[in-house]
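Read the structure below first, then the notes.
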Amino acid sequence: MKQLAFIVFQDNDNARYLVDAITEDNPHAEVQHMPAMIRIQAEKRLEIRRATVEAKIGREWDVQEMLIDVVSIGGNVAEDDDSFVLEWKN
Amino acid sequence: MTVNAISEYSATPRDLQANFNGMQLLYVYWEKHLIFCSPFAFLVAPTMTFSEFIDQILKDAIKAHPDSASVDFSAAVWTLNGERLTPDHAASLEANGVDHKSLLRLNTPGLSGIQGSCC
Amino acid sequence: MTTQKKKLSLKDKYQYLTRDMAWEPSYQKKADIFPDEDFEGIKIVDWDKWEDPFRLTMDAYWKYQAEKEKKLYAIFDAFAQNNGHQNISDARYVNALKLFLSGVSPLEYGAFQGYSRAGRQFSGAGARVACQMQAIDELRHVQTQIHAMSHYNKHFNGLHDFGHMHDRVWFLSVPKSFFDDARSAGPFEFLTAISFSFEYVLTNLLFVPFMSGAAYNGDMATVTFGFSAQSDEARHMTLGLEVIKFMLEQHEDNVPIIQRWIDKWFWRGYRLLSLVGMMMDYMLPNKVMSWAEAWEVYYEQSGGALFKDLERYGIRPPKYQEQANIGKEHITHQIWSTFYQYSQATNFHTWIPSDQEQQWLAEKYPDTFDQYYRPRFDHWQQQHAKGERFYNHTLPMLCQVCQVPPLFTEPDDPTMLSHRQIMHEGERYHFCSDGCLDIFQFEPEKYVQAWLPVHQIYQGNCEGSDVQTVVEKYYHLKTGVDNLEYVGSPEYLRWLAWKKLGTPQAPAGADSKLDAA
């Protein structure tokens, strides 16, 4: 059975850069657009890297800023200064 | 099992018959007639006869169903709390064994809802 | 881009501002300070093993929450100033909001109280901080929901007195008793119930597809509060998963206790969410996804991944998951049929889905809609056209645990209502399912006290012996205004006037003289 890690963002301007960064760092991810929201899912693991987001957004970006735009997540969370990871370990 | 609690835990049921002012609750489920979404809950006098219950309460409750006019109550199959019941229509609900919070299932052979859909 | 070195890493900052601010008591015993930590039988060996994946400190919390609030209230203002309520897809949509405000928003307040209390009971600082933040979140949710709805309350009926209704209206005892059950449990069961089973496993179904649906129906205010609330949910869900993993890792004796809680709260949550399913399938004029599709994505798929992950602790999927998976094809049609026929006692209107909507339902539910549900809608439609709009004039039986009428059908027979009954200490009790019966049998003393609205009316405790009196005096609903059929309602006529759709022909059977109750 598939084990999808996922994250859902509000479909807003911030999210565009986040989605760009995530798809770059997670080539296996699938992006789904729905009214007012964007869902990104990937088998087992999904990672947001601060450096990639900063490159896209053109400014410093704190990993915890994602808390403003996130709608939902699936997977075990691991967060530090440089990344936010969602993962199923089993 | 008992409730896991910070102190001794006991409780009185909220729906004891004594709380219904001499009346009792009776539920009726008319099988294969799902336009009535769930079993009915009626408040009845235990002394009411079975036929009074049918004539005064049940017929009124089901009258909106097109099948209701065709129900032959003398041929109906009744189940009381999971066991087949052959009611004495002249006797009281109590005498028929219909106690507080009993469920009567009504099956009307030959009638299976709107266009046979069980609705 | 080069990165400036922060003064403190996230991890260190979190350590200093949370864990390090806790202390070991010196002149009081820990057991006296946290007296409710042990009685549920959960064994905690080492609270320091608690993980805080989000590592949110209070300063960052206020910063981000303030930003969310500013964005949210700017939108509320814009929505009100621009008469946003006139831009929704159809006035029928607002009926979903009435259900939300009276059924869900008071639960947010209940969650605020629950987390305030649970947080006080844990001797571990990490759990206390997470509960404290969640308590504040929940208070914010109820406030923003009330603020968002206050605009609708100016223009639509049935949104007044939602708190009063929550405590009294018959079907609102379903959400109310759900939360009361959780809040009256110990702190660990509360977290398993609300943080894990509800927040982690099930709330996605409430807040993600439904709020996306709000957007699709032009309701800017609701989608905004919904997603703003849901942005806190990522933290809440993480707490839910963390608390489960923590308890399971602490002691093997915890496993069977937690398994039973998961079984119980999955089933209670599933029953509660049948209301949400109905909102998605029947109350959104523009539909985003069906309940069955949402269940597949957010329960079967996500829950599948989750429970596979938890296998390593000896946890299996919830006991009656299979029944819920079968039910996805049925429950929304059954619930809508129920509200349709008892609409004389609801704080919202009901209607027969349009031909186009029934077509959508048939496509989304190819194995069930046409066969089992279309015939009743066709019949009711014909009755309505004849001026005999169908209402059920009796009161329904209610399940002793979930308080939903036993309106769901047997998993193996969609033509037979699912019903279970037992004798307990000389009293008869009735249930909608094996799941609810199990819950009762484990803690019967808790559920024999259930305040079942139908029985309360019959005991004479609801200010009247007939439905209309109860509805008006006890529920504070105005017959013919707040309740009954949508077509022909004052709200329907007002909407047509706003939209300049002309005076409708008086729809048959929709006048206020309806012989409701």
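For segment B:26-40, name all the residues that are touching a strand residue (DSSP E or B) at 6+ places or on another chain (Cβ under 6 Å), hydrophobic (A, V, I, L, M, F, W, C) and within 7 Å of chain C (Cβ to nearest Cβ). Scanning segment B:26-40 gives a single hit, B:40.
Residues that are facing chain C (nearest Cβ under 8 Å) and open to solvent by 50 Å² or more (accessible area, probe 1.4 Å) within segment A:1-11 comprise A:1, A:2, listed in sequence order. Report, by residue number, each residue of segment C:278-326 that is within 10 Å of another protein chain (Cβ to nearest Cβ) and not in a helix (DSSP H, G or I). Passing the criteria: C:286, C:288, C:289. Please give the number of the condition residue C:347 fails out of (1) modelled with pLDDT of 95 or more; (2) part of a helix (DSSP H, G or I); (3) open to solvent by less than 10 Å² (accessible area, probe 1.4 Å). The single condition residue C:347 does not satisfy is (2).
With respect to residue B:105, is the statement that it is part of a strand (DSSP E or B) and at pLDDT 95 or above true? When the stated conditions are applied, residue B:105 passes them. A search for C-beta distances below 8 Å between a residue of segment B:80-107 that is over 26 Å from residue B:34 (Cβ atoms) and of a type in the set (Gly, Ala, Ser) and any residue that is open to solvent by less than 40 Å² (accessible area, probe 1.4 Å) and assigned to a loop (DSSP other than H, G, I, E, B), counting only pairs 6+ apart in sequence or on different chains, returns B:92/B:46; B:92/B:48. Checking each residue in segment A:49-78 for being in a strand (DSSP E or B) and open to solvent by less than 10 Å² (accessible area, probe 1.4 Å) picks out A:70, A:71, A:72, A:73, A:74, A:76.
In segment A:79-90, of all residues being assigned to a loop (DSSP other than H, G, I, E, B) and within 8 Å of chain C (Cβ to nearest Cβ), the one that is surrounded by the fewest Cβ atoms within 10 Å (Cβ to Cβ) corresponds to A:89. Residue C:71 satisfies every condition listed in (1) more than 30 Å from residue C:10 (Cβ to Cβ); (2) open to solvent by 50 Å² or more (accessible area, probe 1.4 Å); (3) under 30 Å from the mean Cα position of the chain (by Cα) except (1). Please work out if residue C:60 is free of Cβ contacts under 8 Å to residues at least 24 places away in the same chain and open to solvent by less than 40 Å² (accessible area, probe 1.4 Å). Against the criterion (free of Cβ contacts under 8 Å to residues at least 24 places away in the same chain and open to solvent by less than 40 Å² (accessible area, probe 1.4 Å)), residue C:60 qualifies.
Yes/no per residue for (1) open to solvent by less than 20 Å² (accessible area, probe 1.4 Å); (2) over 19 Å from residue A:65 (Cβ atoms):
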{"position": "C:20", "(1), (2)": "no, yes"}
{"position": "C:24", "(1), (2)": "no, yes"}
{"position": "C:45", "(1), (2)": "no, yes"}
{"position": "C:55", "(1), (2)": "no, no"}
{"position": "C:64", "(1), (2)": "yes, no"}
{"position": "C:85", "(1), (2)": "yes, yes"}
{"position": "C:92", "(1), (2)": "no, yes"}
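Within segment B:48-68, is even one residue more than 30 Å from residue C:448 (Cα to Cα) and within 7 Å of chain C (Cβ to nearest Cβ)? Yes, because at least one residue in segment B:48-68 is more than 30 Å from residue C:448 (Cα to Cα) and within 7 Å of chain C (Cβ to nearest Cβ). Output yes when any residue across segment C:431-449 is within 27 Å of residue B:22 (Cα to Cα), open to solvent by 20 Å² or more (accessible area, probe 1.4 Å), at pLDDT 95 or above and touching an Asp or Glu at 6+ places or on another chain (Cβ under 9 Å), and no when none is. Yes, the conditions are met somewhere in segment C:431-449. A count restricted to segment A:12-39 and to residues that are open to solvent by less than 60 Å² (accessible area, probe 1.4 Å) and either closer than 24 Å to residue C:72 by Cα or within 12 Å of chain C (Cβ to nearest Cβ) (or both) stands at 12.
Of the residues making up segment C:245-282, those that are within 30 Å of residue C:359 (Cβ to Cβ) and out of contact with any strand residue (DSSP E or B) (no Cβ under 9 Å at 6 or more places or on another chain) are C:270, C:271, C:272, C:273, C:274, C:275, C:276, C:277, C:278, C:279, C:280, C:281.
Okay, residues lined up against (1) more than 24 Å from residue C:488 (Cα to Cα); (2) within 9 Å of chain B (Cβ to nearest Cβ):
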residue: C:368; (1), (2): yes, no
residue: C:371; (1), (2): yes, yes
residue: C:381; (1), (2): no, no
residue: C:385; (1), (2): no, no
residue: C:391; (1), (2): no, yes
residue: C:403; (1), (2): yes, no
residue: C:406; (1), (2): yes, yes
residue: C:417; (1), (2): yes, yes
residue: C:422; (1), (2): yes, no
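Filtered by the rule that a residue be in contact with a Gly (Cβ under 6 Å, 6 or more places away or on another chain) and either acidic (Asp, Glu) or open to solvent by 30 Å² or more (accessible area, probe 1.4 Å) (or both), segment C:94-119 gives no residues.
The values are calculated or read from the model by the stated rules, or taken from the named source; none is laboratory data. For clarity, every value in this text was computed on a predicted model and none was experimentally measured. Here Cβ is always computed from backbone atoms with ideal geometry, including for glycine, and neighbour counts include all displayed protein chains. Areas reflect the complete protein model, heavy atoms only, side chains present, ligands, DNA and RNA absent. Shrake-Rupley method; radii C 1.70, N 1.55, O 1.52, S 1.80 Å.
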